[in-house]
Amino acid sequence: MLTKIASATTLGIETYPVDVEVDLSFGMLQFNIVGLPDAAIRESKQRIVTSLKYCGFKLPERKITVNLAPADLKKEGTMFDLPIAVGILHGAGIIELATQFLQETLFLGELSLDGTIRSVKGILPIAFDAHTLHKKRIIVAQENAPEAALIQGLEVIGVQHLTDLVLHIRGEKPITPTISSAHIQAATQQISLHDIKGQHQAKRALQIAAAGHHNILFVGSPGSGKTMLAQRLPHLMPAMSFNEMLETSKIYSICGKLEHEKLVTQRPFRAPHHTISEPGLVGGGSFPQPGEISLAHHGVLFLDELTEFKRTTLEVLRQPLESRTIHITRAQHTMSFPASFLLIAALNPCPCGFFGDKQRNCICSEQQVKKYLEKLSGPLLDRIDLQVPVQAVPFEAITQAPEAQDTADAISEKIQRAVARQQQRFENSSCRWNSHMTVELIEKHCTMTEKSQILVKQAFAHLHLSMRGYHKLLKLARTIADLEESEIIEHTHIQEAVLYRSIDKVLGRNI
């Protein structure tokens with residue numbers, strides 16, 4: 001008897017339907033799984049047989065053949081244990097499943113040897129796409145049920161044990177569908193710039209970065225506050241929308257990092273160590289998984305001690321910084337992960353850390369400084385909009401009372417108004433942030449005064465800007481103008497934008 005059970009898998013963050021076809025035919029007892037399974041799926045034969053016996057279900061002396069269709073789609077993981085077991089039970093006549101029920105239901109879950117149904121990764125993106133697959137319900141492990149229930153309009157059956165599922169199907173002990181009790185709301189901001197003394201230019205740069213989603217680089221001596229500044233950037237950014245929460249949570253679900261019954265409601269802040277590998281940063285592996293840049297989607301990626309990262313590792317950031325997505329190609333398939341992150345990097349200006357410091361002298365030779373900065377390529381730096389020197393804080397600034405403009409409410413309100421102006425400007429466009437403007441949008445929305453145009457021309461020649469650098473200068477000036485609530489880009493806005501693009505002065509070299 002041939003039984004077809006609906007299931008699904010994920011490649012990247014995309015969901016693909018999988019039909020688990022189970023056939024029980026006369027012959028010697030054999031158990032074969034075909035359809036491009038990985039090692040974990042092939043091992044499921046022993047788990048399923050032992051689990052069924054432990055639950056008291058006697059298998060008939062039949063040849064069992066399981067096909068995971070489509071056969072050219074690579075499958076991995078343990079999520080097909082449950083649909084295979086259900087298919088065997090139905091084929092053996094132990095349970096009866098109506099055709100309509102099978103057509104409307106997705107089965108996902110791993111089986112323990114005692115029949116317990118264990119949670120699996122990637123439930124949220126599959127539940128999100130269930131309606132697209134024309135499914136009305138999903139049957140998963142009880143631990144996964146709150147995650148799947150975050151999707152409205154989907155009947156979620158959370159099952160703890162295989163015998164519980166059999167009793168539910170038979171109608172002897174129905175399981176109540178899981179309803180999410182999670183209150184979905186953007187997390188409140190807990191950290192502000194209020195406790196950072198001095199560093200007015202750096203704090204101003206953070207506001208610009210938060211308002212326009214601009215990448216930022218801090219260059220300064222050890223202990224000057226670069227990390228403290230970076231940690232506050234996610235809290236300056238506007239609260240996440242529900243779609244942003246869902247997109248980010250789907251990535252965390254695939255990686256198995258989604259907290260129980262919770263969406264990601266606060267912008268991620270990822271700070272990988274400088275020893276991270278290229279696949280760890282951008283994603284990869286034999287069966288590709290999201291990397292740190294995807295885990296920072298709609299949030300912040302902080303690279304501290306930038307020059308300690310391998311140069312090859314840093315160079316792989318160039319493409320996702322522009323396209324906001326990462327494509328990973330393998331022999332049989334290509335998958336894409338979203339990577340719309342805001343990059344914030346920090347580094348010391350030299351090996352000893354005190355080049356250009358006003359309080360301590362640098363002891364590095366010119367050759368040492370040059371070798372230290374060789375890992376920073378011009379094309380990578382060209383993609384960083386704000387390049388800010390951070391000096392050590394003098395004692396007077398430490399003991400000084402905070403200024404009125406440094407209050408959290410005042411800064412947040414100013415940023416929110418700038419973001420609102422962008423949302424209104426890009427209402428009929430896929431663009432949301434000034435930093436994401438296309439060439440057409442730049443020409444349309446970056447209107448300058450005559451004095452500003454002259455200043456831009458001078459900056460282009462003096463700073464030897466590339467075409468990308470020129471566009472980034474205008475995008476940066478557009479955000480500064482939005483913070484000042486100006487429709488026209490004035491020459492003062494261009495002046496400030498040029499100040500943040502003068503990386504050669506910050507590092508003491510030409511790039």
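The values are calculated or read from the model by the stated rules, or taken from the named source; none is laboratory data. Model, not experiment: these values are computed from the prediction. Counting neighbours? That spans all protein chains shown, and the Cβs are built from the backbone with ideal geometry, glycine included.
Comparison of Gln207, Gln199 shows that the only residue that is touching a helix residue (DSSP H, G or I) at 6+ places or on another chain (Cβ under 8 Å), assigned by TED's automatic domain parsing to the domain that holds Arg501 and at positive phi is Gln199. Selection of the stretch 354-367 for residues being assigned to a loop (DSSP other than H, G, I, E, B), among the charged types (D, E, K, R) and over 11 Å from Ala392 (Cβ atoms) yields an empty set.
Listed here are the residues, each with its yes/no results for (1) without any contact (Cβ under 8 Å) to a residue 12 or more places away in the chain; (2) touching a helix residue (DSSP H, G or I) at 6+ places or on another chain (Cβ under 9 Å).
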residue: Glu427; (1), (2): yes, no
residue: Cys431; (1), (2): yes, yes
residue: Leu465; (1), (2): no, yes
residue: Leu473; (1), (2): no, yes
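The set of residues in the stretch 131-146 that are under 13 Å from Ile175 (Cα atoms) and either of a type in the set (Asp, Glu) or in contact with a Lys or Arg (Cβ under 6 Å, 6 or more places away or on another chain) (or both) contains only Ala141. Is it fair to say Leu133 is assigned by TED's automatic domain parsing to the domain that holds Glu21 and farther than 18 Å from Ile41 by Cα? Against the criterion (assigned by TED's automatic domain parsing to the domain that holds Glu21 and farther than 18 Å from Ile41 by Cα), Leu133 qualifies. Filter the stretch 222-248 down to the residues that are in a loop (DSSP other than H, G, I, E, B) and among the small types (Gly, Ala, Ser), then identify the one that is farthest from Pro389 (Cα to Cα). So the residue we want is Ser241.
Out of Gly115, Gly87, one residue alone is small (Gly, Ala, Ser), over 30 Å from Pro338 (Cα atoms) and in contact with a Cys (Cβ under 6 Å, 6 or more places away or on another chain). It is Gly115.
Scanning the stretch 1-13 for residues that are out of contact with any strand residue (DSSP E or B) (no Cβ under 6 Å at 6 or more places or on another chain) and under 19 Å from Arg137 (Cα atoms) yields one hit, Thr10.
Would the stretch 493-502 turn up any residue that is of a type outside the set (Val, Ile, Thr), touching a Cys at 6+ places or on another chain (Cβ under 7 Å) and in a helix (DSSP H, G or I)?
Within the stretch 493-502, none of the residues are of a type outside the set (Val, Ile, Thr), touching a Cys at 6+ places or on another chain (Cβ under 7 Å) and in a helix (DSSP H, G or I).
The number of residues in the stretch 457-491 that are surrounded by 21 or more Cβ atoms within 10 Å (Cβ to Cβ) and not in a helix (DSSP H, G or I) comes to 1. Any residue at all in the stretch 183-193 that is of a type outside the set (Val, Ile, Thr), at pLDDT 90 or above and either in the same structural domain as Gln103 (by TED's automatic domain parsing) or not in a helix (DSSP H, G or I) (or both)? No, that holds for no residue.
Conditions (1) closer than 19 Å to Ala141 by Cα; (2) of a type in the set (Val, Ile, Thr), marked per residue:
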{"position": "Val20", "(1), (2)": "yes, yes"}
{"position": "Pro37", "(1), (2)": "no, no"}
{"position": "Tyr54", "(1), (2)": "yes, no"}
{"position": "Ile64", "(1), (2)": "no, yes"}
{"position": "Leu73", "(1), (2)": "no, no"}
{"position": "Glu96", "(1), (2)": "no, no"}
{"position": "Leu102", "(1), (2)": "yes, no"}
{"position": "Leu106", "(1), (2)": "yes, no"}
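All conditions in (1) among the hydroxyl-bearing types (Ser, Thr, Tyr); (2) surrounded by 14 or more Cβ atoms within 10 Å (Cβ to Cβ); (3) at pLDDT below 90; (4) under 23 Å from Gln422 (Cα atoms) hold for Thr248, with the sole exception of (3). Candidates Phe302, Phe242: the one that is among the aromatic types (Phe, Trp, Tyr) and without any contact (Cβ under 8 Å) to a residue 60 or more places away in the chain is Phe242.
If the condition is being buried (at least 18 other Cβ atoms within 10 Å of the Cβ) and not basic (Lys, Arg), then the stretch 413-427 contributes Ile415, Ala418, Val419, Gln422.
Here's the yes/no breakdown for (1) touching a residue at least 60 places away in the same chain (Cβ under 8 Å); (2) assigned by TED's automatic domain parsing to the domain that holds Ser286; (3) under 19 Å from Thr10 (Cβ atoms):
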{"residue": "Arg47", "(1), (2), (3)": "yes, no, no"}
{"residue": "Cys55", "(1), (2), (3)": "yes, no, no"}
{"residue": "Leu59", "(1), (2), (3)": "no, no, no"}
{"residue": "Lys75", "(1), (2), (3)": "yes, no, yes"}
{"residue": "Asp81", "(1), (2), (3)": "no, no, yes"}
{"residue": "Ile88", "(1), (2), (3)": "yes, no, no"}
{"residue": "Ile123", "(1), (2), (3)": "yes, no, yes"}
{"residue": "Asp129", "(1), (2), (3)": "yes, no, yes"}
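Which residue is surrounded by the most Cβ atoms within 10 Å (Cβ to Cβ), if the candidates are limited to the stretch 337-380 and must be free of Cβ contacts under 8 Å to residues at least 24 places away in the same chain and of a type in the set (A, V, I, L, M, F, W, C)?
In this case the residue turns out to be Cys350.
Looking only at residues in the stretch 284-325 that are in a helix (DSSP H, G or I), out of contact with any Leu (no Cβ under 7 Å at 6 or more places or on another chain) and at pLDDT 95 or above, the one that is nearest to Ser253 (Cα to Cα) is Leu295.
Restricted to the stretch 262-283, and to residues there that are over 14 Å from the mean Cα position of the chain (by Cα) and either at pLDDT 90 or above or not in a loop (DSSP other than H, G, I, E, B) (or both), the residue that is nearest to Arg232 (Cα to Cα) is His273. Can you say whether Pro272 is more than 23 Å from Ala211 (Cα to Cα) and buried (at least 23 other Cβ atoms within 10 Å of the Cβ), as far as the supplied structure shows? When the stated conditions are applied, Pro272 does not pass them.
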